[in-house]
Amino acid sequence: MQKMIMIKYGELTTKKGNRNTFIKLLANNIKSILKNFKYELVYDRVRMYIICDEIDLVIKKLKNIFGIHSIVKCYKVNTNIDDIKNCILSILNDIEFNTFKVETKRADKNFEIHSMEFSRLIGGHILKNIDCKVDVHNPDLNIKIEIRCEGTFIYLNEIPGLGGYPVGIQGTGLLMLSGGIDSPVAGYLALKRGIDLECLYFESPPHTSIEAKNKVVKLASIINSYSGNIKVNVVPFTKLQEEIYKNVPENYVITIMRRMMYRIAQEVVIRKNLKVILNGESVGQVASQTLSSMIVINNVTNLPVIRPVACLDKLEIIDIANKIGTYETSILPYEDCCTIFLPKHPVINPELEKCIEYEKRFDYASLIKDCVDNIEVITNLEEEQIDLL
């Protein structure tokens with residue numbers, strides 16, 4: 001018998017004619033994540049198999065890959081009744097249990113014994129050799145047998161995967177990544193739907209600190225563990241931000257600043273041939289995220305803007321942040337450019353005409369060009385190499 005990892009696809013199997021495209025991309029993503037391991041990977045339209053020595057370490061990596069429904073540590077044997085019986089007894093001899101159940105899936109219809117009959121056959125063999133009982137409702141062990149054309153696979157447990165689609169199947173979007181709780185969660189949820197990411201961070205020294213930048217890079221490195229392809233585009237935002245504060249009434253500062261950020265994001269998307277803008281806006285959470293504010297701010301771009309956490313409340317977002325490992329970094333006390341000069345009473349129902357009037361007071365177009373032309377791109381986001389905080 002041969003010990004290996006079996007991967008089940010889940011949602012990918014609904015793709016019918018496009019299934020092969022999804023599975024090939026999943027295989028490529030796995031190869032990228034496992035680049036430091038020695039292994040053999042084979043797959044078909046139903047299952048994927050990984051043969052390696054470091055099974056537990058590889059499974060730990062696979063848990064962070066989107067497009068996987070479940071991960072199984074299994075044993076492969078020839079589709080021969082005696083080989084199957086011997087393999088199962090060998091596995092069970094090292095396990096303490098009182099009750100069990102056998103489930104057989106006969107994908108290879110050339111195998112002469114039907115699934116339920118074969119389960120009873122194997123169950124009887126176990127009862128003859130081990131002091132235990134059958135419990136079909138709440139067993140200590142659920143012994144699963146898959147009889148497939150390429151062999152028979154035996155396993156006891158399935159490890160849940162992240163589900164979703166393989167990262168990159170939808171192309172790449174630009175995530176407006178701040179140092180807060182929401183935008184890293186938005187990035188994670190976008191990855192789950194197959195959108196690869198580049199990140200956009202607005203840096204405003206000396207008003208923002210190097211610690212604030214490092215915090216964002218750390219957050220990007222964490223969500224990069226679910227992708228492996230993320231870059232961070234750092235925008236020098238100081239001159240443009242200072243012009244906003246000089247020329248715009250205090251209560252409109254955040255609205256105008258967000259409109260400028262959207263303009264910059266649009267230019268980056270166009271230059272890099274990306275697909276969409278993404279951010280961590282949640283409806284009603286702050287003044288710039290009321291529906292009235294979103295309409296006015298969004299007015300500066302024709303690109304689609306995806307807000308993955310738009311209808312989640314703060315506690316739901318925090319739960320996901322804890323799950324994916326970004327929360328503790330997000331709450332570090334380093335302010336970004338959106339919070340450093342936050343007015344006491346920002347407008348919650350801005351008027352588009354006033355925004356246009358205020359923006360005519362300074363040459364924002366040349367300032368935006370300067371921002372985009374001088375972006376710093378950070379590409380080395382291997383988490384184990386990031387020690388910035």
Which of the following residues is within 30 Å of TYR75 (Cα to Cα), outside the structural domain of ALA27 (by TED's automatic domain parsing) and crowded, with 21+ Cβ neighbours inside 10 Å: SER221, SER227, SER178?
SER227
Given the structure, is LEU156 under 30 Å from LEU315 (Cβ atoms) and either crowded, with 16+ Cβ neighbours inside 10 Å or over 13 Å from the mean Cα position of the chain (by Cα) (or both)?
no
Is the range 216-235 home to any residue that is without any contact (Cβ under 8 Å) to a residue 60 or more places away in the chain and over 19 Å from ALA186 (Cα atoms)?
no
Residue within the range 171-190 that is within 22 Å of THR379 (Cβ to Cβ), among the hydrophobic types (A, V, I, L, M, F, W, C) and part of a helix (DSSP H, G or I) present:
yes
Which of the residues that make up the range 333-378 are of a type in the set (Lys, Arg), modelled with pLDDT of 95 or more and part of a loop (DSSP other than H, G, I, E, B)?
LYS360, ARG361
Of everything in the range 116-140, what is touching a residue at least 24 places away in the same chain (Cβ under 8 Å) and either part of a helix (DSSP H, G or I) or under 20 Å from VAL77 (Cα atoms) (or both)? Give them in sequence order.
PHE118, SER119, LEU121, ILE122, HIS125, ILE126, ASN129
Condition first: under 24 Å from LYS231 (Cβ atoms) and in contact with a strand residue (DSSP E or B) (Cβ under 7 Å, 6 or more places away or on another chain). Now tell me which residues in the range 273-300 satisfy that.
LEU274, LYS275, VAL276, ILE277, LEU278, ASN279
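For VAL216, are the conditions met, namely being farther than 21 Å from ILE324 by Cβ, touching a Leu at 6+ places or on another chain (Cβ under 7 Å) and not hydroxyl-bearing (Ser, Thr, Tyr)?
So VAL216 fails the test.
So, restricting to strands (runs of 3 or more DSSP E) that lie completely within the range 1-111, which ones have at least 1 residues that are free of Cβ contacts under 8 Å to residues at least 40 places away in the same chain?
Here the list reads 39-43.
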Of all residues in the range 308-329 being in a helix (DSSP H, G or I) and not aliphatic (A, V, I, L, M), the one that is nearest to the chain's Cα centre (by Cα)
LYS323
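The values are calculated or read from the model by the stated rules, or taken from the named source; none is laboratory data. Since this is a predicted model, take the numbers as computed values, not measurements. Here Cβ is always computed from backbone atoms with ideal geometry, including for glycine, and neighbour counts include all displayed protein chains.
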